[in-house]
Each structure stands twice: as C-alpha cells, then as structure tokens.
Amino acid sequence: MIDVLIIGSGGAGLTAGLSAKEQNLEVLIVSKSYATSSQTTMAQGGINSALGNVTSDSVELHIKDTIKSSHGISDISMIERVCKNAPNTIEWLDRLGVPFNRTKDNKIAQRGLGGASSKRACYAQDYTGLKILHTLYDSCLRENITIVDEYFLLNLIVEDKIVKGATFLNIRTGQVEQILAKKVVIATGGYGAIYKNYTTNATNSTGDGIASVLRAGGRVSDMEFIQFHPTALKHSSILISESARGEGGYLVNSNGERFIDELLPRDVVSRAIYEQINTFNQDVYLDLRHLGRDRLLKLMPQEVHLCKIHEGIDPADELIPIKPVAHYTMGGIDVNSNLEVNGLKNCYAIGECSNAKIHGANRLGGNSLLEIITLGRFVAKELSKDLRDYSVSDIHLKRDREYIESIFNKDSFDKNFYQLEANLGEKFYKYAGIKRENSQLNILLNKIEDMKSSINNIGIVDKSREYNSNLIEFLQFLNILDIGEIIVKSAIKRDESRGAHHKIDYPKEDNRYLGSFLFWIEDNKLKSQFKGAK
C-alpha cells in the first residue's frame with residue numbers, strides 16, 4: 001500500500017505530487033492520458049496574483065473581485081486562502097522555472113482579464129497553462145516521481161467510508177487492476193465534454209473522477225454552473241484566449257459595431273454574443289487588426305497560429321469569427337476546508353473536478369490556474385497526517401473485472417452510443433447552455449432518462465483487449481449520463497439567474513437560492529439537498 005495515489009496528471013495532480021514528495025511521501029500519479037495533453041494546457045491567458053507590481057492592485061482587490069464574480073455562493077475563507085497565497089504560488093512557479101514574460105525591469109509581466117479590477121494575470125505569452133504544466137512535469141521527472149499513463153479510473157475502493165485505493169482499466173492491456181493507497185487525491189478535471197462539439201474541452205473531459213465519487217458515496221455540488229467562454233473559433237470551438245481581449249481586442253458584429261465592454265465577466269460577455277447571434281441574426285467577430293502583426297506575434301503567437309490552421313485567416317489582417325462555447329465547470333466534488341471529500345475519509349479532490357467553493361456561480365478569468373497550483377500545494381500538507389496501512393478485501397477488484405467482462409460478452413445491442421453522445425452534446429448546448437428555461441430543461445432530462453433506461457441496448461463493437469478506445473469511450477459515455485442528469489436536475493431546481501446559470505423564465509437573482517444544491521446516491525437512488533451559503 002503506497003502512501004499517496006494521485007489520479008490525474010494535469011496541473012493540480014502534478015503539483016500535489018511534487019509537494020507530497022517534498023514531505024518524503026511515496027507518490028504514484030496515474031492518468032488515463034499523457035500529462036502533457038491535460039486540460040491545463042488550454043489555460044492560455046494567465047494566472048492571477050496581486051504581486052505589488054501594479055500600484056492599483058492589492059490582495060484585497062483580488063479577493064473582492066473573486067467574491068463578486070462568484071455571486072454570493074462561494075466560501076470567503078477559501079477565496080482568502082487562495083488569493084493571499086497567490087504571490088507565494090507565483091514565486092514557487094518562478095523558482096521551478098516557468099518562463100513568465102518579464103517587464104523591462106525584470107519583474108513578472110501582468111495583463112488584465114475579464115472581471116478583474118486591475119492587471120494581475122501573470123503570463124507566458126498565450127501559452128501560460130502549457131508552460132506551467134511542462135515545467136511541473138519536468139520537475140516531477142527530476143524528482144523521480146512515478147507517473148503511469150493510460151489507466152482509466154473505474155471505481156474507488158471504499159470500505160466503511162474509508163477510501164483505500166482505486167480500480168483501473170489498464171488501457172494498454174485491457175486488464176482491470178487495483179492500486180492500494182493510504183491517501184487518494186482525485187485530480188481528474190471537469191465535465192465540459194458533455195457539450196460535445198460545443199466546448200473548448202478535450203473529448204476525455206468526461207468527469208470520471210466526479211462520477212467515481214458519486215458511486216463511492218461522496219457528494220457533488222453546484223453542478224449547474226458551467227462557464228461559457230465568449231471567444232471560441234466559430235467552426236471548430238477552439239479557444240481564443242481572453243488575453244486577446246486583455247491586450248485590447250474588440251468584439252464586433254456583422255455591421256462592425258462594438259456591442260459590449262470586452263472585459264466584463266465571462267457570463268455577461270457570452271450572453272451578449274449569444275444575443276447578437278440568436279436574437280439579432282448577426283455574426284460576431286474578434287477584431288485584433290489594430291494591435292499590429294508584431295505585437296500579436298510577440299504576445300499571442302498561439303492565437304495567430306490557431307486562426308490560420310482552423311479558420312484559414314490571418315488575424316493581423318482579418319476578423320476572427322467566434323462563438324461562445326462551454327469552457328469550465330464550476331461545480332464538482334463537494335469537499336471540506338481541508339479538501340477532503342464530504343462523505344468519504346482519506347480521499348481528497350483538487351482542481352476542476354473539485355468544488356472548493358472558490359468560483360461559485362462564475363469563475364474569474366485567471367483563477368483556475370491559481371486554484372490548481374495553490375490548493376495542489378495545500379493538500380499535500382493534509383496527506384502526511386495519520387498515514388496508516390489498511391486491510392483490503394479483493395471483492396472490489398473481482399466486481400470490476402466481472403463488470404468489464406460483461407461489457408465484452410454483450411453481443412446483442414442496437415444503439416450507437418456515438419450518435420447518442422453527439423446528439424446529447426447538441427441538446428445540452430441548446431437546452432442547458434448560455435440561456436435556459438424549465439420547459440427545455442425538462443425535455444433534456446427526459447432524453448437523458450430515456451438513454452439511461454435503454455443502457456442495456458448499448459454496447460461496444462470492438463472486442464479487442466489492447467488499446468480498446470471503443471470501450472473507454474463507452475465508459476466515458478456512461479459517466480456523462482450520470483453527471484448530465486445531475487446538471488439538469490440542479491438547473492431545474494435553481495429557479496433564478498445567477499452568474500453562468502441564466503434562466504429566461506427567472507431572470508433575476510433570488511436570495512432563496514443563496515447556496516448550493518448537493519447530490520449523492522443512497523440506496524441506489526439519487527438524492528438531493530439545498531444547503532445555504534456560509
């Protein structure tokens with residue numbers, strides 16, 4: 001039994017691994033994909049910190065901006081923890097070797113992002129998340145931390161509400177294996193892939209860790225709050241970083257008119273773009289032409305490259321056609337102030353899969369990278385406490401091996417889950433997207449329930465054992481259905497508009513909903529409860 005099992009190799013998981021190794025703990029990091037392809041690489045614009053370089057900024061303003069963006073359903077003590085530790089986080093990353101842009105006097109350069117009252121996002125061109133991730137990965141290799149790729153999380157091993165490890169499908173071999181650990185950290189990312197073809201997320205952002213916690217007896221919360229990024233490329237949904245607007249880019253419609261302050265919070269800007277497209281029948285563009293080619297290539301080389309590849313345009317000379325798509329999931333695994341999963345012992349959750357009550361109803365741009373690094377370092381301090389070996393039954397491993405065999409042995413089925421998944425993604429964008437209403441949410445809920453009731457008629461065609469992507473995608477689809485049901489039920493229950501959750505039939509905030517909807521499984525039934533904010 002190892003000391004610490006970390007499931008997920010993005011920025012949160014790698015940071016937790018490095019920090020746990022600093023405390024001489026035996027660490028194993030396991031992930032279904034390769035670390036360098038994690039969703040952290042999509043965080044392009046920057047990482048927030050009030051460093052004192054900008055005289056108009058302060059830690060207090062950072063806290064205030066974050067609370068304001070959360071629309072009242074955050075935990076102020078958690079926000080204070082993250083914002084006050086932000087300068088130490090940047091110093092740690094700088095010491096590891098993250099190549100931040102610098103000012104003429106060699107201070108870390110900072111830019112403005114939406115919803116911020118000052119320029120506080122530290123950046124590395126428009127590759128901030130990628131360069132942070134690669135630096136963390138190199139540091140883990142240097143510290144000889146073992147990272148195992150291509151292991152798909154099946155279930156947590158739980159006895160008497162104590163998590164003692166997890167079962168995995170070894171993607172290379174097709175075999176089910178277990179890893180036992182004294183402490184488990186879930187850092188598996190969010191669930192944005194449920195908006196298939198309408199999201200900046202990778203196709204494997206399917207909330208596997210969140211679904212595993214639900215099955216294990218843990219709780220999830222705030223699942224209805226999903227942030228839509230205002231600027232994704234129109235035809236591919238590829239992200240164009242908020243740094244493009246932070247550096248002075250304009251949003252214009254087909255008539256060339258600017259219609260919104262580009263640096264308002266993301267939910268406000270996304271709704272304004274949505275209205276231009278769907279109400280006024282206008283195309284919407286990001287205009288960077290006035291910034292000049294030299295500045296674009298210096299500060300945003302990735303955006304220039306992406307536009308050329310995916311839209312066939314040069315943003316130095318042409319308008320960039322854009323649309324808002326799902327980008328970040330604020331809800332997730334419900335944790336306490338020590339980041340331990342509520343309802344389970346010895347199990348922690350960090351990063352986008354975790355709801356540490358920092359982002360609330362709408363995440364402030366630049367705070368996602370800050371959260372994963374700051375809380376990744378914090379959780380390591382909790383991992384060293386009360387370490388002990390446990391006896392573990394082999395019933396969990398046997399059960400999951402039998403389950404995978406049952407999927408392989410199913411020969412009679414008549415539904416193509418790939419078509420169902422694509423259709424579900426379209427319906428989520430339309431009915432549980434930027435604007436919502438109960439009648440449409442109920443249509444979507446009925447569709448999900450129909451899919452779940454007919455799951456016995458769905459299966460896999462590929463019966464090979466090694467590298468069976470058909471099997472992995474099927475398991476991900478099952479997780480999406482479980483998570484999707486909770487998203488929609490949460491959205492139906494919240495009869496108000498708050499942050500990223502905007503309901504046409506309830507357009508204003510209502511203080512009766514100043515809190516979170518929690519969901520868990522009890523006696524094989526989905527249960528829910530409303531809990532008021534602190």
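Observations on the model:
- Across the range 367-402, the number of residues qualifying as within 13 Å of the chain's Cα centre (by Cα) and of a type outside the set (A, V, I, L, M) comes to 3.
- Any chance residue 289 is in contact (Cβ under 8 Å) with a residue 40 or more places away in the chain and more than 28 Å from the chain's Cα centre (by Cα): no
- The range 220-234, subset touching a helix residue (DSSP H, G or I) at 6+ places or on another chain (Cβ under 8 Å) and assigned to a loop (DSSP other than H, G, I, E, B), residue nearest to residue 273 (Cα to Cα): 224
- Checking each residue in the range 1-29 for being surrounded by fewer than 24 Cβ atoms within 10 Å (Cβ to Cβ) and out of contact with any Asp or Glu (no Cβ under 8 Å at 6 or more places or on another chain) picks out 19, 22, 23, 24, 28.
- Residue 33 vs. criteria among the hydroxyl-bearing types (Ser, Thr, Tyr), more than 28 Å from residue 205 (Cβ to Cβ), in contact (Cβ under 8 Å) with a residue 60 or more places away in the chain and surrounded by fewer than 24 Cβ atoms within 10 Å (Cβ to Cβ): no
- Taken over the range 369-396, residues that are of a type outside the set (D, E, K, R), surrounded by fewer than 19 Cβ atoms within 10 Å (Cβ to Cβ) and over 30 Å from residue 131 (Cα atoms) amount to 6.
- Some residue of the range 354-365 being over 19 Å from the mean Cα position of the chain (by Cα) and in contact (Cβ under 8 Å) with a residue 40 or more places away in the chain: no
- Restricting attention to the range 355-378, the residues that are of a type in the set (D, E, K, R) and farther than 22 Å from residue 94 by Cβ total 2.
- Taking helices (runs of 4 or more DSSP H) as the structural unit, those lying wholly within the range 416-518 and holding at least 3 residues that are farther than 17 Å from residue 227 by Cα and touching a Gly at 6+ places or on another chain (Cβ under 8 Å) correspond to 469-493.
- Taking the range 1-98 as the region of interest, the helices (runs of 4 or more DSSP H) fully inside it that hold 2 or more residues being more than 29 Å from residue 211 (Cβ to Cβ) and among the β-branched types (Val, Ile, Thr) are 59-70, 86-96.
Where a number appears in this text, it was derived from the coordinates with a stated rule and is not lab data. Here the structure is a predicted model, which means the values were calculated and not measured. Neighbour counts are summed over all protein chains in view; Cβ atoms, including those assigned to glycine, are modelled from backbone coordinates with ideal geometry.
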